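The values are calculated or read from the model by the stated rules, or taken from the named source; none is laboratory data. For clarity, every value in this text was computed on a predicted model and none was experimentally measured. Every residue, glycine among them, receives a Cβ derived from its backbone with ideal geometry; neighbour counts consider all protein chains shown.
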Amino acid sequence: MKETERQPPNKTTPVSNPQIWWWLAVAILLLGTALRLYQLGQDSLWVDEIITQQMTQRSIPKMLKLVGTFSAHPPLYYLLAYQNRLLGWSDFAARLTSAFAGILTIPVLIILARKLWGAPVGLVAGLLIALWPVHLHFSQEARQYALLMLFASLSMYWLYRGVTGEGVGAWIGYVISITGALYSHNFTFLWVAAQVVFVGILWFSSLWRGGIAGLKKDARRILSPFVLSLIVIGIFYLPWAPSLLTQSKRLVGGVSIPSAKGAGGLSYATIFTQSLRFFAEKNDVVKTIFVVLASIGFIVGALRRRWTTLLLIASSLIIPFLIMGMISSSHFFTARYLFPLLTPIILLCAEAFHPLFRLGDLAFGQSTRAWTAGVIALFLIIAGLALFPIQSYYQQEKEDWHGVARLLVAQKAPDDLILADGMLLDKAGDAGRVQQALGYYLPDEAILEAAPTSVQALLDHPNPNATVWGVLWYQHRLGARDQVSPDIELIDFYDLVVVQAKEPSGDILQDTTAVLEAVLLLQRHPESQPDLHLTLAEIYLKLGKPEKAAEHAVAAMLLINPANPRLLTALFHVLESPEIQEWNAAFDFIDHLETAVLAAPKSDFPHLEQTAFTIDGSTRDALMLHPPASLSYTIHIPPNAAFMTTSIATDPETWGWGGDGVTFQIDIEASGKRERVLAQHISNSESDRHWRDVLIDMRPYRGMDATITFRVDPGPAGDFTGDRAGWAKPILWHESTHNATPQ
């Protein structure tokens with residue numbers, strides 16, 4: 001299958017001369033290589049790059065297990081990055097795999113554009129990719145994206161050769177390219193979908209009036225090898241398919257596709273705008289130039305009647321974008337997942353220069369000297385336009401983990417403590433990744449997350465007089481910096497700030513509270529603040545400051561997502577403290593049991609008992625109700641009420657008795673309306689033998705007289721065996737300590 005276009009008889013111009021063409025192609029490749037190796041190891045690795053390094057420091061079997069369980073990506077890039085072991089563990093070596101992938105993409109784009117548009121346009125495409133800032137960026141980052149674009153570009157080349165009838169070798173190349181892409185990044189399925197659409201349209205067109213642009217071909221000779229190639233690719237991908245399912249469940253709750261208009265979904269306009277900024281490396285001039293060039297290139301291609309080429313490029317641009325709009329949400333969308341779209345963008349931009357070569361035919365004829373001068377002038381103009389964006393790229397600041405590490409090495413005493421916290425764009429904090437990044441550059445240092453799980457390590461620290469250093473990783477902006485105490489020193493690095501007391505007190509717990517209070521003010525994401533509040537609450541309790549502890553405990557309560565079991569467990573651990581309850585408990589339901597009304601059928605066994613359950617080593621006072629029964633309290637909800645807390649479980653003594661468990665319910669009746677705020681079933685199976693912490697928002701009922709009913713019923717089967725139910729420590733809490741007095 002060959003494409004046709006209306007054009008004068010073909011002439012071999014000097015720029016199309018194979019010898020001259022190859023010399024120019026080599027010069028472009030050398031330019032692109034130099035740009036990608038320049039300053040390759042100068043900047044610190046950023047957090048995701050450090051994760052790549054840490055993966056390659058493990059054995060291959062362990063790395064494969066970790067990637068399949070915890071990573072969001074397939075393993076091919078990590079396997080290729082094992083070259084670090086040969087070249088040493090430097091930042092330069094860490095990025096070399098991506099640099100090589102980026103360098104190899106340059107000749108692939110040259111050859112691909114030559115195949116699609118012609119020899120002169122191939123050189124322009126090579127120059128554009130060599131100078132394009134965003135490609136330069138990802139060629140200097142130890143992540144999968146440059147490798148993904150290399151394979152995506154190769155797949156376009158081999159697919160085009162396959163559908164134009166260039167033999168079995170083209171389909172073998174296509175299988176290898178797509179398989180490599182699938183093992184590089186999970187979003188390769190977007191490009192496979194685009195290519196399915198391309199071949200499908202091509203196949204249908206071949207059944208109708210001879211096909212696109214008058215091409216006549218047996219439809220089966222287009223479709224059959226493509227389908228067979230997809231089957232082979234699927235077989236090659238089978239070993240990784242279970243890991244893909246594991247990753248999708250962990251990241252987005254499974255492989256179901258949410259609507260872009262649904263909760264958390266992103267509109268196509270948002271995705272389009274973010275993608276334009278991404279491909280232009282946030283440079284408005286670059287964005288304007290490539291949008292104009294791509295538009296001109298499409299028009300030129302249409303005038304040349306290169307319909308198969310335009311169909312391949314259009315499907316490669318449009319289909320991934322449409323699918324991304326259907327599956328994306330603010331939870332996991334990032335424009336770099338669309339990085340391979342740069343290939344069709346460059347192909348269109350390069351085609352915009354085709355009329356200049358036609359004009360060259362008229363102006364220069366066969367004059368080698370004139371053609372050489374014209375081509376050099378054109379390339380210099382393109383390079384000149386790219387000079388400022390490239391210069392801006394090299395001047396961009398990046399996360400300065402090197403700088404933080406140097407500061408800590410120079411000023412930190414051996415026993416000093418480092419606390420890490422982070423915030424990731426508009427998502428929750430990521431203290432664990434900060435811990436990883438600092439740990440990479442400071443492998444001999446113990447670095448603690450700013451989280452409740454670190455409190456015991458603080459208490460066990462061998463030097464109670466050690467100095468505390470806080471390190472906060474952020475992106476783009478901090479919170480209320482002007483509100484930080486003047487006793488705190490903030491030492492700035494790009495996207496990082498080191499926090500330290502100007503005059504350490506000599507008490508590790510006291511200094512930790514000072515540092516964390518400052519970090520809390522700087523940490524602008526509410527999702528990131530509960531960990532800080534709960535850590536401070538735990539430490540203030542150890543320091544004998546229950547009012548401060550209560551203040552932070554309730555602040556955490558107001559911010560915690562009730563569906564987050566980790567934070568709920570940490571919160572309830574703090575709320576178990578009698579000191580917290582003394583300061584902030586507005587109403588303890590167990591202490592006021594005499595005011596409650598029990599509703600239960602007559603029986604030979606008690607339906608209500610005040611007792612205690614011990615589960616997972618935690619003993620909690622509880623109200624035991626035997627279903628069916630309900631316990632109602634009529635109380636006045638204070639004007640500063642915040643939440644009601646309780647924990648539910650079945651009686652451990654009944655776990656071996658059988659039955660189908662208990663259904664727990666809480667109803668609140670106020671102002672003539674009755675609302676069910678909890679309905680949860682706990683079975684008698686082993687998996688349900690633990691406390692379930694419950695957080696009920698009471699702010700809608702402030703200032704009202706309300707009847708709160710705790711109800712238990714047998715399970716769906718109505719089996720009363722082993723269904724004694726416990727409501728542990730139900731308490732109504734004040735929002736703040738300012739209006740509360742100790743009970």
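Limited to the stretch 64-94, what total is found for residues that are within 17 Å of HIS185 (Cβ to Cβ), touching a residue at least 12 places away in the same chain (Cβ under 8 Å), aliphatic (A, V, I, L, M) and assigned to a helix (DSSP H, G or I)?
5
Determine if the stretch 173-182 includes at least one residue that is surrounded by 24 or more Cβ atoms within 10 Å (Cβ to Cβ), in contact (Cβ under 8 Å) with a residue 40 or more places away in the chain and among the aromatic types (Phe, Trp, Tyr).
For the stretch 173-182, residues surrounded by 24 or more Cβ atoms within 10 Å (Cβ to Cβ), in contact (Cβ under 8 Å) with a residue 40 or more places away in the chain and among the aromatic types (Phe, Trp, Tyr): present.
Could you please let me know if GLU675 is at pLDDT 90 or above and acidic (Asp, Glu)?
Taking the combined requirement at face value, the residue satisfies it.
For the stretch 57-99, what are the residues that are among the polar types (S, T, N, Q) and in contact with a helix residue (DSSP H, G or I) (Cβ under 6 Å, 6 or more places away or on another chain)?
Matches in the stretch 57-99: ASN84, THR97, SER98.
Starting from residues that are part of a helix (DSSP H, G or I) and surrounded by fewer than 20 Cβ atoms within 10 Å (Cβ to Cβ), keep the ones in the stretch 301-311 and report whichever is nearest to the chain's Cα centre (by Cα).
Taking the candidates together, the pick is LEU311.
Yes or no: the stretch 657-672 includes at least one residue that is in contact (Cβ under 8 Å) with a residue 60 or more places away in the chain, touching a strand residue (DSSP E or B) at 6+ places or on another chain (Cβ under 9 Å), in a loop (DSSP other than H, G, I, E, B) and among the hydroxyl-bearing types (Ser, Thr, Tyr).
There is no residue in the stretch 657-672 that is in contact (Cβ under 8 Å) with a residue 60 or more places away in the chain, touching a strand residue (DSSP E or B) at 6+ places or on another chain (Cβ under 9 Å), in a loop (DSSP other than H, G, I, E, B) and among the hydroxyl-bearing types (Ser, Thr, Tyr).
ILE271: under 26 Å from SER184 (Cα atoms) and at pLDDT 75 or above, yes or no?
Yes; evaluated as a whole, the condition is true for this residue.
Against the definition (under 23 Å from LEU558 (Cα atoms), polar (S, T, N, Q) and either in a strand (DSSP E or B) or not assigned by the TED database to the domain that holds ALA596 (or both)), how does SER647 come out, yes or no?
Yes; evaluated as a whole, the condition is true for this residue.
Here are some conditions: (1) over 42 Å from the mean Cα position of the chain (by Cα); (2) over 27 Å from ASP705 (Cα atoms). THR614 meets all but one. Which one does it not meet?
For THR614, the failing item is (1).
Can you find even one residue in the stretch 345-364 that is outside any helix (DSSP H, G or I), modelled with pLDDT of 75 or more, farther than 29 Å from TYR394 by Cβ and out of contact with any Leu (no Cβ under 7 Å at 6 or more places or on another chain)?
No - not one qualifying residue is present in the stretch 345-364.
Between residues in the stretch 520-539 that are over 9 Å from ALA451 (Cα atoms) and residues that are basic (Lys, Arg) and assigned to a helix (DSSP H, G or I), which pairs lie under 7 Å by C-beta distance while being six or more apart or on different chains?
Final answer for the pair search is LEU522/ARG481.
Only one of (1) at pLDDT below 90; (2) within 21 Å of the chain's Cα centre (by Cα) fails for SER90. Which number is that?
Failed condition: (2).
Being without any contact (Cβ under 8 Å) to a residue 24 or more places away in the chain and either hydroxyl-bearing (Ser, Thr, Tyr) or outside any loop (DSSP other than H, G, I, E, B) (or both) is the filter here, so list the residues in the stretch 549-578 that pass it.
Selection gives HIS552, ARG566, PRO578.
On the basis of being free of Cβ contacts under 8 Å to residues at least 12 places away in the same chain and of a type in the set (A, V, I, L, M, F, W, C), does ALA612 make the cut?
yes
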